[in-house]
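Taken together, the values in this text are just the output of simple stated rules run on the coordinates, not laboratory data. None of these values were measured; they are calculated from a predicted model. When we count neighbours, we look across all protein chains shown, and the Cβ atoms used for this are built from the backbone with ideal geometry, even at glycine.
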Amino acid sequence: MIQYFMLFVIIGCCISQAFQDISFNEVRSNLPAVLKKIDENFDEKINFNELVTWLNKSRLLSIHKNVLSQWRTADFNKDGFVTFDEYIEQSKNDFTNVSKEGINTDFIKEFEERFLAADENSDFLLSIEEFSAFIHPAEFERMHNFVIDKTLAEFDNDNDGGWNVDEYFKYIFPEGIDKEIGNTEQAYYFTLRDSDRDGLLDKDEISSWLLNSIKERLEAEATYILEKADQNRDGLLELRELLDNVQLITDISLHHHDEL
């Protein structure tokens, strides 16, 4: 995914756009204008913080476009609000666990709980802002308790209010432990996140970790981009360095398009 952000930064477009329609020359011609957008201190270079800020803006733009796309379908009667029945009816074809008899009742209950949490004024109607909180709850501070409570409960198999190391592993690797990473390395990260060293990740510890993960991921992406494109190793990206990496960026994105 990191590679896509690299192209995203260069061309300044939504990450969901079909990359196969973007030519080398189109990417190259956009570079000067995009650099100006990212360059907040006007030094004609991109530093780490500017790159992180731009990546975040791009992420939020992608989220906004996703919400608008779903809103147009969900608001079936075009009254400016979405009811729960509207959402389920218009979205059921997208659900992966729809049986011949209909959507699993537990699945409906999960969506209904999130719907009610997003419904800030409790009128059983979602405005577009409330709908945004419903679709992307982690992006809204008022939804954080709901997100953490649901995530904690889903993997707290012994109902003791936290995750032991096995439950933590289940969250990290729902399909089973990644043999390349192994138990030892993941146990190390569990210990780091278990700040009070009681052998249990409580709600506060899980919240601190999960809610900071977006920032950590953006910083990792920015670091990756700098490592690949910063040829003189000064911690900054100049137009020349971006131009020198256009083909690499384009090739990577075209090759991996289906993985988006």
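Here are the numbers:
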item	result
Lysines with Cα under 20 Å of Lys150, excluding same-chain neighbours fewer than 8 positions away	Lys109, Lys170, Lys203
Neighbourhood net charge (11 Å Cβ-Cβ; Lys/Arg +1, Asp/Glu -1) for Val165	-1
Stretchable slack from Glu26 to Ser208, in nm (0.36 nm times residue separation minus alpha-carbon distance)	61.4 nm
Neighbour net charge for Asn49 - beta-carbon separation under 14 angstrom, K R +1, D E -1	-3
Potential lengthening between Asn77 and Lys57 on full extension [0.36 nm per residue; Cα-Cα distance subtracted]	4.0 nm
Gained length - Asn121 relative to Asp166, 0.36 nm times residue gap less alpha-carbon distance	12.3 nm
FRET efficiency, 1/(1 + (r/R0)^6) with R0 41 Å, evaluated for Asp244 and Glu89 via beta carbons	0.20
Cross-link reach list, lysines versus Lys57, counting only Cα pairs under 21 Å and skipping chain neighbours closer than eight places	Lys36, Lys37, Lys45, Lys65, Lys215
